[in-house]
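The structure appears below as structure tokens.
The values are calculated or read from the model by the stated rules, or taken from the named source; none is laboratory data. What you see is a predicted model; the values in this text were computed from it and never measured. We place every Cβ from the backbone using ideal geometry, glycine too, and count neighbours over all the protein chains shown. Calculation scope for accessible area: heavy atoms of the full protein, side chains included, ligands and nucleic acids excluded. Shrake-Rupley method; radii C 1.70, N 1.55, O 1.52, S 1.80 Å.
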Amino acid sequence: MRLTRFFLPILKETPKEAEIVSHRLMLRAGMMRQEAAGIYAWLPLGFRVLKNIERIVREEQDRAGAIELLMPTLQLADLWRESGRYDAYGPEMLRIADRHKRELLYGPTNEEMITEIFRAYVKSYRSLPLNLYHIQWKFRDEQRPRFGVMRGREFLMKDAYSFDIDEAAARLSYNRMFVAYLRTFARMGLKAIPMRAETGPIGGDLSHEFIVLAETGESGVFCNKDVLDLPVPGADVDYDGDLTPVIKQWTELYAATEDVHDEARYEKEVPAEKRVNTRGIEVGQIFYFGTKYSDSMKALVVGSDGTEKPIHGGSYGIGVSRLVGAIIEACHDENGIQWPEEVAPFRVAVLNLKQGAADTDAACEKLYKELSAAGVDVLYDDTDQRPGGKFATADLIGIPWQILVGPKGLAEGKVEIKKRADGSREMMSVDEASRHFQ
Ligand code: ATP
Ligand code: MG
Ligand code: MG
Ligand code: MG
């Protein structure tokens, strides 16, 4: 992409309405725009990041055996009356009527709809286990939408739903999602710690929230600091094998949100120098809720003994759009964003430090064409801004690698590679630079 042809509305001023750094940087870098309280348009740079996060979430859900489908954003109120949640959900639910005065709602979550789909088709234990997910916009009329995309009213969520014949099988499904979540967040460059959590309006008795530690987070958390250094399973993890050793390792050290925190146990189990009491951002949550929805909505399957039983369910959410903000909270410095490579909107930025000079133009064109042809996402800053402005823009938008092409270096046949994450620099020839990223 040539910057002169791209749409990157960078703000010079720091927006006053933004209270936290990720919100400020997203606005300054032209990633999104507020259209109404808690409702955002995703501008091209932000949209590229959102899509990358979505792709990682999808790959890890698929790897763990979950199956993607797509449910609508609008749902019938009657469906929610079946589970009893239409009245219970309260003012966070956006209720709508169509021209026939039929009551609808904009889905805040999808337990009811997926249960309705499941019960229409699945009648036998032989079809289980089953885990269905989608990545779809949700609406919750939050009392205090704030911090930009971190607490929006309209937001993108991945939500998966597992169906099993009994509690033991459901716990295996829960464990698969637990491990998939460890991998998902680690691939995004995040340390997201699974912490024991309250189940809230979803119901049930087993739940973990995945929390990224950050002072600006809205949840209070308590954990043993050793949990921050536990290893994450590799891509070769066997989801059909025994995952209990991984789960055991990640759940035996104390880690809990303030809602379920047990101070006496914390003091007993965690030595004083290992106690971490801080704040964090909830980027995902997993629940086992047993027969809560299958009882009320009659999702029954015939078991191996020939009798009908309600299925045991779990649900598994990831805040896809919230993650864009959470990653920035974790990855930035005073000059701007430092994207981890897997989610970056572009992998490499080529900065022409003397636009219009024959040698720099030729070297930049060569790099841009060769890298693009090799499938590398390149942003070529071909504007007539001065070098200082180009450095500032590249640092602000956080592209992981910058290739600086200036007349001084080129006189010696060299360009400079800068790594955004640590500022380290290396000189190499144009050909070497081109090969370096292919
Ligand atoms: P919170 O405690 O932040 O209100 P929640 O517990 O109500 O979140 P869940 O029902 O667990 O949210 O939804 C799954 C995930 O969706 C959350 O872990 C979070 O990452 C994301 N999420 C929830 N509400 C919002 C929101 N208003 N804006 C952006 N993401 C959200
Ligand atoms: Mg909430
Ligand atoms: Mg929560
Ligand atoms: Mg939650």
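Restricting attention to the range 126-175, report how many residues are more than 13 Å from ligand 2 (Cβ to nearest atom), part of a strand (DSSP E or B) and farther than 23 Å from E54 by Cβ.
Residues in the range 126-175 being more than 13 Å from ligand 2 (Cβ to nearest atom), part of a strand (DSSP E or B) and farther than 23 Å from E54 by Cβ: 2 in total.
Looking at (1) touching a residue at least 60 places away in the same chain (Cβ under 8 Å); (2) not charged (D, E, K, R); (3) not in a loop (DSSP other than H, G, I, E, B), find the lone condition where T383 falls short.
(3)
Per-residue answers, yes or no, for (1) within 27 Å of H332 (Cα to Cα); (2) touching a Phe, Trp or Tyr at 6+ places or on another chain (Cβ under 9 Å):
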site: K366; (1), (2): no, no
site: I399; (1), (2): yes, yes
site: E426; (1), (2): yes, no
site: A433; (1), (2): yes, no
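Does R153 satisfy the criteria of being over 26 Å from D229 (Cα atoms), among the basic types (K, R), within 16 Å of ligand 1 (Cβ to nearest atom) and free of Cβ contacts under 8 Å to residues at least 60 places away in the same chain?
no
Let me spell it out: the conditions are (1) touching a Lys or Arg at 6+ places or on another chain (Cβ under 8 Å); (2) over 23 Å from G284 (Cβ atoms); (3) not basic (K, R), and Q34 meets all of them except one. Which number is the exception?
(1)
Given the criterion open to solvent by 50 Å² or more (accessible area, probe 1.4 Å) and either hydroxyl-bearing (S, T, Y) or within 28 Å of S296 (Cβ to Cβ) (or both), identify the matching residue among Y89, Y133, Y125.
Y125
Would you check if there is a residue in the range 340-347 being open to solvent by 10 Å² or more (accessible area, probe 1.4 Å), part of a loop (DSSP other than H, G, I, E, B), basic (K, R) and in contact with a Phe, Trp or Tyr (Cβ under 8 Å, 6 or more places away or on another chain)?
yes
Could you go through the range 188-198 and let me know if any residue there is within 16 Å of ligand 3 (Cβ to nearest atom), over 30 Å from D295 (Cβ atoms) and open to solvent by less than 20 Å² (accessible area, probe 1.4 Å).
Checked against the condition, which is being within 16 Å of ligand 3 (Cβ to nearest atom), over 30 Å from D295 (Cβ atoms) and open to solvent by less than 20 Å² (accessible area, probe 1.4 Å), the range 188-198 yields at least one hit.
Looking only at the range 19-39, count how many residues are among the aliphatic types (A, V, I, L, M), within 17 Å of R153 (Cβ to Cβ) and not in a helix (DSSP H, G or I).
Number satisfying all stated conditions: 4.
For T216, only one of the following conditions fails: (1) crowded, with 18+ Cβ neighbours inside 10 Å; (2) hydroxyl-bearing (S, T, Y); (3) more than 23 Å from S296 (Cβ to Cβ). What is its number?
So the condition that T216 fails would be (1).
Within the group R265, R279, which residue is within 13 Å of ligand 1 (Cβ to nearest atom), of a type in the set (K, R) and open to solvent by 40 Å² or more (accessible area, probe 1.4 Å)?
Step by step, each of R265, R279 is checked, and only R279 is within 13 Å of ligand 1 (Cβ to nearest atom), of a type in the set (K, R) and open to solvent by 40 Å² or more (accessible area, probe 1.4 Å).
Conditions (1) at pLDDT below 95; (2) within 30 Å of A197 (Cα to Cα); (3) in contact with a Leu (Cβ under 9 Å, 6 or more places away or on another chain), marked per residue:
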site: A330; (1), (2), (3): no, yes, yes
site: W339; (1), (2), (3): no, yes, no
site: A373; (1), (2), (3): no, no, no
site: T383; (1), (2), (3): no, no, yes
site: G389; (1), (2), (3): no, no, no
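Looking only at residues that are buried (at least 18 other Cβ atoms within 10 Å of the Cβ) and in a loop (DSSP other than H, G, I, E, B) in the range 92-107, which one is farthest from the chain's Cα centre (by Cα)?
M93
Within the range 238-248, can one find any residue that is buried (at least 22 other Cβ atoms within 10 Å of the Cβ) and away from ligand 2 (no atom under 16 Å from the Cβ)?
No.
Of the residues that make up the range 48-64, is at least one over 19 Å from I318 (Cβ atoms), at pLDDT 95 or above and assigned to a helix (DSSP H, G or I)?
no
Residues in the range 354-373: is at least one in contact (Cβ under 8 Å) with a residue 60 or more places away in the chain, away from ligand 2 (no atom under 16 Å from the Cβ) and among the β-branched types (V, I, T)?
For the range 354-373, residues in contact (Cβ under 8 Å) with a residue 60 or more places away in the chain, away from ligand 2 (no atom under 16 Å from the Cβ) and among the β-branched types (V, I, T): absent.
Tell me which of these D259 doesn't satisfy, since it passes every other one: (1) modelled with pLDDT of 95 or more; (2) under 27 Å from the mean Cα position of the chain (by Cα); (3) open to solvent by 30 Å² or more (accessible area, probe 1.4 Å).
(1)
What is the residue count in the range 1-24 for residues that are over 28 Å from C364 (Cα atoms) and either touching a strand residue (DSSP E or B) at 6+ places or on another chain (Cβ under 7 Å) or open to solvent by 40 Å² or more (accessible area, probe 1.4 Å) (or both)?
Residues in the range 1-24 being over 28 Å from C364 (Cα atoms) and either touching a strand residue (DSSP E or B) at 6+ places or on another chain (Cβ under 7 Å) or open to solvent by 40 Å² or more (accessible area, probe 1.4 Å) (or both): 7 in total.
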